[in-house]
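Only one structure is covered here, and it is reproduced in the block below.
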Amino acid sequence: MHTPASMVMGIVFSPLGLVLVFTAAITPQWREGQARLNMSGPGSLLRSSVKSQGSIDSLLLLRSDGLWETCLQVEHSELKQCWPAAGPYQRDPRVRLAQGLILTSLFLCGTGIVLACIGVRCWTDIPLRGVAATGGLLVVIAGVLSLTALGVYTHNLGILGMSSQGTNNPKFPQLSLHPAGSLYFGWLGSCSQVLGGSALMFNFKRPKCPTCPTCPELPACPACQSVPEMSNKPDMNVYEVSC
């Protein structure tokens, strides 16, 4: 069977988008920040961990946040710890919204890919165009949901989970937050989902296959040529592939 180019494009880009969005969802690099922690005061909690590095007045802490995990690392050190996101950050309604949208997007994209695989039916002569296009519609919706989650998170990146008490407290280490790698994976994956789903949606338009000998200038559809009982009818000018 000659698989249409739109189906091939959709089958390639849709799973690629799903993998990229899933990678972005499980990695804790949606945003990163640096904070300098003063070590000169007595009773510092990290002093015992950095004795081997000599006299240190301050430490540069590297923090990274994901949707479900937060990590903290001391610069130029192997000291790194990750834990499930909690506190004001986890309770922030915009973070919860992004979590819900990403989970819904992953489910819809997976369902759409399954429908697209059933609709393409590479093992038969005629694909189920309606089923493949429906799968493409679900993938497009999944991509739009992912883009919405990424947009909400990026727009509020610097204030997510930041309480006014912590911001105004001079003893609280100030973070300079910026987008991290997982966000870029998410953007790329969401665009791939929209692109692949849109390609599959082109299959809602059924091709017309001319078989009349008096019109040789019109190209014949490969799917129609592979069905002898249809292509051998002399009284049929144009018919639609209803599959």
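The values are calculated or read from the model by the stated rules, or taken from the named source; none is laboratory data. Bear in mind that the values here come from a model prediction, so they are computed numbers and not experimental data. Glycine gets a Cβ as well: all are built from the backbone with ideal geometry, and neighbour counts include every protein chain shown. Each accessible area value is taken on the protein alone, full model and side chains, heavy atoms only, with ligands, DNA and RNA left out. Shrake-Rupley method; radii C 1.70, N 1.55, O 1.52, S 1.80 Å.
Taking S226 and the conditions (1) at pLDDT 70 or above; (2) open to solvent by 30 Å² or more (accessible area, probe 1.4 Å), which numbered condition does it fall short on, given that it satisfies the others?
With respect to (1) at pLDDT 70 or above; (2) open to solvent by 30 Å² or more (accessible area, probe 1.4 Å), S226 is out only on (1).
Looking at the structure I just gave you, is C117 in contact (Cβ under 8 Å) with a residue 60 or more places away in the chain, closer than 15 Å to I11 by Cβ and within 12 Å of the chain's Cα centre (by Cα)? Before the answer, list the steps.
On the way: in contact (Cβ under 8 Å) with a residue 60 or more places away in the chain: yes; closer than 15 Å to I11 by Cβ: yes; within 12 Å of the chain's Cα centre (by Cα): no.
So C117 fails the test.
Mind checking which pairs have a first residue in segment 174-201 that is farther than 17 Å from T70 by Cβ and a second that is part of a helix (DSSP H, G or I) and open to solvent by 50 Å² or more (accessible area, probe 1.4 Å), Cβ under 6 Å, 6 or more apart or different chains?
So the pair list comes out as S190/L147; S192/F13; S192/L16; L195/F13; G196/F13; A199/M9; M201/L137.
Any idea how many residues of segment 135-164 are in a helix (DSSP H, G or I), surrounded by fewer than 18 Cβ atoms within 10 Å (Cβ to Cβ) and either of a type in the set (S, T, N, Q) or in contact with a Pro (Cβ under 9 Å, 6 or more places away or on another chain) (or both)?
Matching residues across segment 135-164 total 3.
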